[in-house]
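In what follows, a structure is listed as structure tokens, so that the remarks can point back to it.
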Amino acid sequence: MALTEEELSRFLAETSGKKVQLRLNSNRQTMLSVRPSPDGRSARVSIHRVFLSAGPEVLRAAAGYLAGPSASDRRAIKDFIEHKVPELQRQTVSTASLRQQRGTSRGKHHNLVPQAQRINEQFFGGSLTFHIVWGRRERTGKARRRHVTLGSALVLERLIRIHPVMDTPHVPQWFLDFVIFHEMLHLYIPPYRTAGGRNAIHSPEFERIERLHPHYHAVRAWEKKWVWKMMNAWEVGTELPRRALVDFQPPALAESYRAPWLPPPAPVPPPASVQPSREPEAIQQDLFGDLLS
Ligand SMILES: [Zn+2]
């Protein structure tokens, strides 16, 4: 059962003990913002409409924001927003403007979807749902752009855009894969607002996991040496030299690779009719035998 705006306002005021000036918004960037008055006795609250249908626990957590939220308030709000994302996402995705913005996942040289699916399996246990497309940046015809963003992730829209500069034959697949991985990691560890009011986008947790990617160091080295050359070549419509393709090349990941932060896959139980024929110790020894041979 949903509340009215007035009921929500009254609930927040009574629970927090403050005077509340409430404004409902439909802006997914500011789901909940609180501006306390200097004397701390009242607060201006801007809150997403979706909170009208929140349960009592979430509403109590929202009221907690008026006084300074506890860790559990933050968690309750974050869980609620994430839970509501698919609903909000449907609303957004059905609009024509986003569909137009979307573009295509099939480039001239790289199809992003199969790559992203494999990365999803290997690094995120297949847990992420999203769209991935090539961005539509136009060439300027001039070298030396001042800023480079190889990919972007809209967390609530679940939309990843990859810069078309990498849709060329001499950019290594493993480099492109890492850019895709980085953007997917933004969906896995969404940005959050810190206590100081800043947006933590590349949070310490984000960076810790990113560094665990087996290609991390090769990617950084390649990036340092080739990214500007790649951008400049693309702007003027030329190609990177062939050697860019093999520079710093790390060993390829096995098809069966699973990221170290994922839980191990559930063991496949033996068929009920087949009894293990050997003692565990014997099996252990065989494993070692395999490794040593
Ligand atoms: Zn990033």
Does at least one position in region 16-29 carry a residue that is at negative phi, polar (S, T, N, Q), more than 25 Å from the chain's Cα centre (by Cα) and modelled with pLDDT under 85?
no
Of the residues Val155, Val148, Val133, Val179, which is under 16 Å from the mean Cα position of the chain (by Cα), hydrophobic (A, V, I, L, M, F, W, C), within 16 Å of the ligand (Cβ to nearest atom) and over 30 Å from Val34 (Cα atoms)?
Val179
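Within region 196-215, take every residue that is among the hydrophobic types (A, V, I, L, M, F, W, C) and in a loop (DSSP other than H, G, I, E, B) and give me the one that is farthest from the ligand (Cβ to nearest atom). Steps first, answer last, please.
Step one: of region 196-215, the residues among the hydrophobic types (A, V, I, L, M, F, W, C) are 200-201, 206, 209, 212.
Adding the requirement that they be in a loop (DSSP other than H, G, I, E, B) leaves 201, 212.
On the way: Ile201: 6, Leu212: 16 Å.
It comes out as Leu212.
If we scan region 214-222, do we find a residue that is outside the structural domain of Phe80 (by TED's automatic domain parsing), within 27 Å of Asp79 (Cβ to Cβ) and in contact (Cβ under 8 Å) with a residue 12 or more places away in the chain?
Going through region 214-222, the residues outside the structural domain of Phe80 (by TED's automatic domain parsing) turn out to be 214-222.
Retained after the next criterion (residues that are within 27 Å of Asp79 (Cβ to Cβ)): none.
No - not one qualifying residue is present in region 214-222.
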Residues that are under 19 Å from the mean Cα position of the chain (by Cα) and more than 16 Å from the ligand (Cβ to nearest atom): does region 216-233 have at least one?
no
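From the residues in region 182-195 that are aliphatic (A, V, I, L, M) and outside any helix (DSSP H, G or I), which one is farthest from the ligand (Cβ to nearest atom)? So that I can check it myself, show each step before the final result.
So in region 182-195, the residues aliphatic (A, V, I, L, M) come out as 184-185, 187, 189, 195.
Cutting the leftovers down to outside any helix (DSSP H, G or I) gives us 189, 195.
Numbers: Ile189: 10, Ala195: 22 Å.
It comes out as Ala195.
So that you can scan it fast, the table gives a plain yes or no per residue for (1) at pLDDT below 90; (2) not in a helix (DSSP H, G or I):
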{"site": "Met230", "(1), (2)": "no, no"}
{"site": "Trp234", "(1), (2)": "no, no"}
{"site": "Ser256", "(1), (2)": "no, yes"}
{"site": "Pro260", "(1), (2)": "no, yes"}
{"site": "Pro263", "(1), (2)": "yes, yes"}
Selected residue (only one of Arg193, Arg158, Arg208 is assigned by TED's automatic domain parsing to the domain that holds Gln115, under 17 Å from Lys78 (Cα atoms) and without any contact (Cβ under 8 Å) to a residue 12 or more places away in the chain)
Arg193
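The values are calculated or read from the model by the stated rules, or taken from the named source; none is laboratory data. What you see is a predicted model; the values in this text were computed from it and never measured. Here Cβ is always computed from backbone atoms with ideal geometry, including for glycine, and neighbour counts include all displayed protein chains.
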